[in-house]
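A.B. asks: Below: one structure in structure tokens.
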Amino acid sequence: MNSEKSPAQGATRHARKTAPAETHPSQTSHPHLIREFSMRFTSSRHGARLARRLVSHRLDTWGHPYDGRANETLTLITAELTANAIRHGHVPGRDFRVRLTETGDTLRVEVSDTRSERVPPLTAQEPPDDVESGRGLLIVAQLATRWTVTPRVGGPGKTVCAELRLQ
């Protein structure tokens, strides 16, 4: 566990110690990458909440204020994707990873989990009115400029990505 201080939450116990990484554009293969943040989280409600808060905080430090459209939208998308990762992508003993990038006029959040047999459909259909869940990807589809699901690089699982174009 980790006892580092998080500006968004105080002492964090749900992020892995090896995790926080911010990369300078010259250290990546993406020539247009301006900023990058990546971190592993425990596959739990607490881990998902911490991921959402850290994405919001990181966006604020990058110049996208907490009450701005970009921060609010990408934080909500992150909340939906991390909730799906812990609900549908959870494998006991395995973490999920969140990666946040800014490239020119686009913000991108990626949530990777280790369960490869449960891949969400790209064309989400609205569930019946009497069902309480199942609308998360509909929210993502409405808010994101673009979203995709790809196999996870470097291991089993999948990565769900959502992009938000800045205007």
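The values are calculated or read from the model by the stated rules, or taken from the named source; none is laboratory data. Because the structure is a prediction, the values reported are computed rather than measured. When we count neighbours, we look across all protein chains shown, and the Cβ atoms used for this are built from the backbone with ideal geometry, even at glycine. Only protein heavy atoms, including side chains, enter the accessible area calculation; ligands, DNA and RNA are left aside. Shrake-Rupley method; radii C 1.70, N 1.55, O 1.52, S 1.80 Å.
A.B. asks: Just reorder His64, His46 by solvent-accessible area, largest first, 1.4 Å probe, all chains present. If you can, show how the numbers build up before the last one.
C.D. replies: Values: His64 25, His46 75 Å².
Largest accessible area first, the list is His46, His64.
A.B. asks: Could you work out how far apart the two model spin labels at Ile139 and Arg87 are, taking each label as a point 7 Å from the Cα in the direction of the beta carbon, and quote it in nm?
C.D. replies: Going by the 7 Å Cα→Cβ label model, 0.9 nm.
A.B. asks: Taking amide H positions as placed in the peptide plane 1.01 Å from N, state which residues far from Val91 in sequence (5 or more) or on other chains have amide H under 5 Å from it.
C.D. replies: Thr114
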